[in-house]
Amino acid sequence: MICKQPRRRLFWSIYLHGILLLLAIGATGVVVALVGGDPAWKVAAAAAQRYLVNELDPLLDQPEAIGEKLESINANFRMDIAVYGSDHTLISSAGDKLLPPLQEIPETADAVHTWSNGFIRVAPFPSRRAYVLFRAPHPMGPRRGVTFIGIVLLLLALVSLPYARAITRPLEKLTDAARRIGAGELSTRSGISRNDEVGALAKAFDEMAGRLENLVRSEKELLANVSHELRTPLARIRIALQIAEETEDVTKIQSHLVGIGGDLGELEQLINDTLTAARLDLAQGRAEMPLRREAIRVDELVALAVQRFEQLHTPFALQTRITDGDFEFQADRVLLRRVLDNYLDNAARYADAEAGPVEIKATVREKVLRVEVNDQGSGVAEEDVPRLFDPFFRTDSSRARRSGGVGLGLALCKRIVEAHGGEVGVGLRPGGGMSFWMQLPV
């Protein structure tokens, strides 16, 4: 059962956080505009101030000339201007509104008075006999400034909406995919393709899901294959027991008991191989594999495998070629013996005793041990070679033979050698037969 999609708390958190930042930036801009003003506007106002003083100072004794000059300036620059004497009496003015006089003349020409109707500049004349007040229209008044900033914030808020959605949407997809995988839909993938951190997360998630699907599929296949392989020897044992119960011939009973012993050996081998494979699989990802390492000589390892082969496969001749046999290395003796035994058993299974001897070669070069088992049999089909190390894979020829095994031996060889940090391989020999090999760093 898939849980309901949670509320989009992260989406609103990201979006509202961005809105708060925009509001903070906008408020800061408004305060700066109201308190400090525009530096460019201040420069322009100071230039206007110097211009008015220079133009009006020579005309202080000519009120009509001052009036005409003020009207001309107002017509050209749309400025409210008023000239007051030192006693604060109005000399002349121009503009839409009369600027009221000051209570006292400022000492410097840099005074700026902020009134309710805007910014007023005060410029005293050098003679101190009069002063001029002027107000020019600000390119961005307080109301217009606040309105402009509000529109900008609104646009930014609308633009940030899909941006926040673009961040949280992939996370929602990943959450939904994770819930589906948890519900058993192992084929589910995120479907996200991006070239950023979220894309890397989605790619890692999909890779993990793929490995998980393969792992579960492998476990199911292992269970199904082991169950299938267990049924065959158990069925033969049951039939042999039934026949033995129905006959009184001691010779037939003994022959059936021998067959039962072989079937029990096959069951024991299957169980041992399965447990060993499971132990190696369980240890994957650990710092160290569960290997019981000890010092082994190359010639000693090969000699034990040769001894077993000669006892079990008497029709076959065996040749050994060993170089640097006294070389010692650290490895799990029991597991490596199993690799060599499986290689030799496999050679006896596919080879023909009359075609020629089975050969085992062991060499050590540049701290790498290479062991080869070569036979001169008919081999297998070329298309089957890449799958010989797959669990439970058996060729058609081996399935038709009683000694075909269950298909775990070579797969187990691969896992054992890889647990030692080595690699395995197989190939068809030019003159006929097959060559199985392993390489171990020693």
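Taking (1) in a helix (DSSP H, G or I); (2) touching a helix residue (DSSP H, G or I) at 6+ places or on another chain (Cβ under 6 Å); (3) modelled with pLDDT of 75 or more in turn, residue 306 satisfies each apart from (2). Would you confirm whether or not the range 98-113 contains a residue that is at pLDDT below 65, assigned to a strand (DSSP E or B) and not aliphatic (A, V, I, L, M)? Yes, the conditions are met somewhere in the range 98-113.
Residue count for the range 336-391 satisfying the condition of being assigned to a loop (DSSP other than H, G, I, E, B) and without any contact (Cβ under 8 Å) to a residue 12 or more places away in the chain: 2. Return the residue satisfying two criteria in turn: it lies in the range 334-373 and is in contact with a His (Cβ under 9 Å, 6 or more places away or on another chain) and under 12 Å from residue 440 (Cβ atoms), and of such residues it is surrounded by the fewest Cβ atoms within 10 Å (Cβ to Cβ). If we take residues in the range 334-373 being in contact with a His (Cβ under 9 Å, 6 or more places away or on another chain) and under 12 Å from residue 440 (Cβ atoms), then 335 is surrounded by the fewest Cβ atoms within 10 Å (Cβ to Cβ). From the list 235, 183, the one residue that fits, being exposed (fewer than 13 other Cβ atoms within 10 Å of the Cβ) and in contact (Cβ under 8 Å) with a residue 40 or more places away in the chain, is 183. Among residues of the range 277-300 being modelled with pLDDT of 90 or more and assigned to a helix (DSSP H, G or I), the one that is surrounded by the fewest Cβ atoms within 10 Å (Cβ to Cβ) is 300.
I want to confirm something. Restricting to the range 393-439 and keeping residues that are under 22 Å from residue 371 (Cβ atoms) and acidic (Asp, Glu), which single residue is modelled with the lowest pLDDT? It comes out as 418. Among the residues making up the range 46-63, those that are over 13 Å from residue 130 (Cα atoms), in contact with a strand residue (DSSP E or B) (Cβ under 9 Å, 6 or more places away or on another chain) and either surrounded by fewer than 16 Cβ atoms within 10 Å (Cβ to Cβ) or of a type in the set (Gly, Ala, Ser) (or both) are 46, 48, 50. Selection over the range 374-391 of residues that are at pLDDT below 80, buried (at least 16 other Cβ atoms within 10 Å of the Cβ) and more than 14 Å from residue 347 (Cα to Cα) gives a count of 1.
The values are calculated or read from the model by the stated rules, or taken from the named source; none is laboratory data. Because the structure is predicted, anything quoted here is derived from the model rather than measured. Reconstructed Cβ throughout: ideal geometry from the backbone, glycine too, with neighbour counts over all protein chains shown.
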